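Beneath this line is the structure, given in structure tokens, with notes to follow.
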Amino acid sequence: MRIHYDNESHAADFIRLNEAWISEYFQLEEGDRALARDPMRIVREGGSILTLSNRGAVIGACAVLREDADTMLLARMAVAASERGKGWGRILLATALQRARDLGARRVRLLSNTRLAAAIHLYEAAGFRAVQRGPHPDYTRCDIVMECELPPVDPSGGVLPAGPAPEVEA
């Protein structure tokens, strides 16, 4: 298993996995279609795309998008249907939180839906708490906003350099 940061050759897999899970539970929205046209804008705008591969196939993905200097948005977390229940989501989430911390975030927010009980449980186990409930102005499928405060960055670890990050073994 490998986790890759900002691998442009995985952009199509990132979109494929996201459109599959969204379509499974909801309908694609304009924001989804806009992202599909240019997923690497996440990286250009100070965020990061994480993909998880196993035996050469991309089976999971998520992104952290820059909201402001201290806050990132965890978004588009998806694991292939055939790979769910194997702990990949937990690994992806932990790595995404570390990536956000390395990029200087002090908190991470996410938008979700309470129908996704397993996802909500995973987020709560990672320290996320609901900060808003009810309809969201941008995404019809969102009915909960959650937030997690991150511990400070270890001064000896520093912050990752800008640009494509190296692949990491996990």
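The values are calculated or read from the model by the stated rules, or taken from the named source; none is laboratory data. If you're wondering where the values come from, they're calculated on a predicted model, not measured in any experiment. Here the Cβ positions follow ideal geometry from the backbone for every residue, glycine too, while neighbour counts run over all protein chains shown. Surface accessibility is based on the protein's heavy atoms, side chains included, excluding ligands, DNA and RNA. Shrake-Rupley method; radii C 1.70, N 1.55, O 1.52, S 1.80 Å.
Restricting attention to segment 52-70, does a residue exist that is under 24 Å from Ile120 (Cβ atoms), touching a helix residue (DSSP H, G or I) at 6+ places or on another chain (Cβ under 8 Å) and open to solvent by 20 Å² or more (accessible area, probe 1.4 Å)? Yes; the residues of segment 52-70 include at least one that is under 24 Å from Ile120 (Cβ atoms), touching a helix residue (DSSP H, G or I) at 6+ places or on another chain (Cβ under 8 Å) and open to solvent by 20 Å² or more (accessible area, probe 1.4 Å). The residues of segment 33-58 that are of a type in the set (D, E, K, R) and out of contact with any strand residue (DSSP E or B) (no Cβ under 9 Å at 6 or more places or on another chain), listed by number, are Arg33, Arg37, Asp38, Arg41, Arg44, Arg55.
Return yes when Ala81 is loosely packed, with under 15 Cβ neighbours inside 10 Å and modelled with pLDDT of 95 or more and no when it is not. Taking the combined requirement at face value, the residue does not satisfy it.
When Leu28, Leu50 are checked against the criterion of being part of a loop (DSSP other than H, G, I, E, B) and within 21 Å of Tyr139 (Cβ to Cβ), a single residue qualifies: Leu28.
So, in segment 31-44, how many residues would count as being open to solvent by 70 Å² or more (accessible area, probe 1.4 Å) and either assigned to a strand (DSSP E or B) or at pLDDT below 95 (or both)? I'd like the intermediate steps shown before the answer.
Step one: of segment 31-44, the residues open to solvent by 70 Å² or more (accessible area, probe 1.4 Å) are 33, 37, 41, 44.
Imposing the further condition that a residue be either assigned to a strand (DSSP E or B) or at pLDDT below 95 (or both) reduces the set to 33.
Here the count works out to 1.
Restricting attention to segment 78-115, the residues being in a helix (DSSP H, G or I) and among the small types (Gly, Ala, Ser) number 6. The set of residues in segment 86-117 that are open to solvent by 60 Å² or more (accessible area, probe 1.4 Å), under 17 Å from Cys62 (Cα atoms) and free of Cβ contacts under 8 Å to residues at least 24 places away in the same chain comprises Lys86, Gln98. Only one of the numbered conditions (1) assigned to a strand (DSSP E or B); (2) among the hydrophobic types (A, V, I, L, M, F, W, C); (3) touching a helix residue (DSSP H, G or I) at 6+ places or on another chain (Cβ under 7 Å) is not met by Leu73, and that is (3).
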